[in-house]
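Peer 1: Below are the structure tokens for one structure; questions will follow.
The values are calculated or read from the model by the stated rules, or taken from the named source; none is laboratory data. Predicted model, so just to flag it, every value in this text is computed and none were measured. Every residue, glycine as well, gets a Cβ built from its backbone with ideal geometry; the counts of neighbours run over all protein chains shown.
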Amino acid sequence: MQVRTSALTVLALAASASAFLPATPSFVRNGVSVKDMFGESKSITLSDIEKELNYEPGKASTDFAKKYAHLVGVDVKTVGEAFAEFTAELGFSVNALYKNMVTDIVGTTHLIAVNARFTRDPVWCLGIMTALDLLLKNYPEKEVADKIVSSLFKCIGMDEAEVRAEAKSIEEWAKGKSKDEIEAALGAADPSNPFGAVAASIKDDQFWMYSRYFGLGLVRVMDIAGVEMDKDEVYPIMENWMTEKLGRPSLTACNDSDMYFKVKAKLDMMETMMKEIEIREKKRMAERLEDKAEAAIRAADREEKFQQEVESEKKAPVSETKDTVDV
């Protein structure tokens, strides 16, 4: 009997109904053939269903369960709790123009950090610092922007100084290197340098998890290496680095790089508009100050002329006049 994965549902219903039947149906006893997501045929019996129904977290006989069994029952903060901690740590109201963006950063970064498969590496650190620098560089109050960054790392349980140090290690290593040299280091996975060490750790971990900040870290490395910062130039390089050099899917990383350039273009446009507004305001202020200065000069001139007239009247001789009356 050849059916697809929906046979699991049939077996489950048959297994539950078998308690009320005089005998177990033959297709449940003998099993059915189903196709998994890879198209391979597998036989599933009633005992398989019972094992699934009696499943205990971390007890499965898989590599994934064995690796992460120690995390069973660990208390994980919710997004709401993480944001509440961020707000309490910040102690300021986020600017209205940045509120949605900051909320999204806190939520997505928390979900990345609490994932069992997530592993922080220097490229990821470089990516998150690149993203924060880009998004907050025009924040009105510089001290509040710095506090937003520090509060973010505290609410996700990371040390800001360590993250910055790891990001700087990749930047310092990449300075002066060409794209070909960086690709060679990525492909060789040489643990003697920070970039190669990251590549080696990725290749050794079959459950390594990609996140957007890793992709942005690679974009920043390309920037340091002199790659033109255009999405059409970066896309094929990102595809090559992820697929050929690291052996990982590239679609999400390429989409993240495209999104980075879209956001950057919007922010650059906003920055240009803000500078134009600032220039116009300064010009208007200069014109107003010039008008005030001219008005003050005119008032001073009038005052000086008035004083001269007063002085001239004081110095002029008094002429005696004789009034005559004709009778």
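Peer 1: Given the conditions (1) touching a Cys at 6+ places or on another chain (Cβ under 7 Å); (2) surrounded by fewer than 18 Cβ atoms within 10 Å (Cβ to Cβ), report the number of the one that VAL163 does not fulfil.
Peer 2: (2)
Peer 1: Considering each of ASP133, ASP121 in turn, give the residue that is closer than 22 Å to LYS275 by Cβ and acidic (Asp, Glu).
Peer 2: Residue meeting the stated conditions: ASP133.
Peer 1: A further question follows. Looking for whichever is touching a residue at least 12 places away in the same chain (Cβ under 8 Å), in a helix (DSSP H, G or I), surrounded by 10 or more Cβ atoms within 10 Å (Cβ to Cβ) and not assigned by TED's automatic domain parsing to the domain that holds PHE207 here; the options are MET274, MET285. Which one fits?
Peer 2: MET274
Peer 1: Of the conditions (1) loosely packed, with under 15 Cβ neighbours inside 10 Å; (2) over 30 Å from GLY196 (Cα atoms), LEU90 clears all except one; give me its number.
Peer 2: With (1) loosely packed, with under 15 Cβ neighbours inside 10 Å; (2) over 30 Å from GLY196 (Cα atoms) applied to LEU90, the lone miss is (1).
Peer 1: For GLU172, are the conditions met, namely being in contact with a Phe, Trp or Tyr (Cβ under 9 Å, 6 or more places away or on another chain) and surrounded by fewer than 20 Cβ atoms within 10 Å (Cβ to Cβ)?
Peer 2: Taking the combined requirement at face value, the residue does not satisfy it.
Rundown of residues vs (1) more than 25 Å from TYR139 (Cα to Cα); (2) out of contact with any helix residue (DSSP H, G or I) (no Cβ under 7 Å at 6 or more places or on another chain), yes/no style:
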| residue | (1), (2) |
| --- | --- |
| SER178 | yes, yes |
| PRO194 | yes, no |
| PHE207 | yes, no |
| ARG212 | no, no |
| GLY217 | no, no |
| MET222 | yes, no |
| VAL227 | yes, no |
| GLU244 | yes, yes |
| LEU267 | no, no |
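Peer 1: Let me ask you something else. For segment 167-176, state whether one or more residues are farther than 23 Å from ASP268 by Cα and not in a helix (DSSP H, G or I).
Peer 2: So far as segment 167-176 goes, yes, one or more of its residues are farther than 23 Å from ASP268 by Cα and not in a helix (DSSP H, G or I).
Peer 1: Okay, next question. Within segment 246-267, does at least one residue satisfy the condition of being at pLDDT below 85 and either of a type in the set (Asp, Glu) or outside any helix (DSSP H, G or I) (or both)?
Peer 2: No, because not a single residue in segment 246-267 is at pLDDT below 85 and either of a type in the set (Asp, Glu) or outside any helix (DSSP H, G or I) (or both).
Peer 1: Criterion first (in the same structural domain as ALA265 (by TED's automatic domain parsing), outside any helix (DSSP H, G or I) and at pLDDT 90 or above) does GLY157 satisfy it?
Peer 2: Criteria met by GLY157.
Peer 1: Same structure, new question: Can you tell me how many residues within segment 73-106 are in a helix (DSSP H, G or I) and either within 15 Å of SER150 (Cα to Cα) or of a type in the set (Val, Ile, Thr) (or both)?
Peer 2: The total comes to 14.
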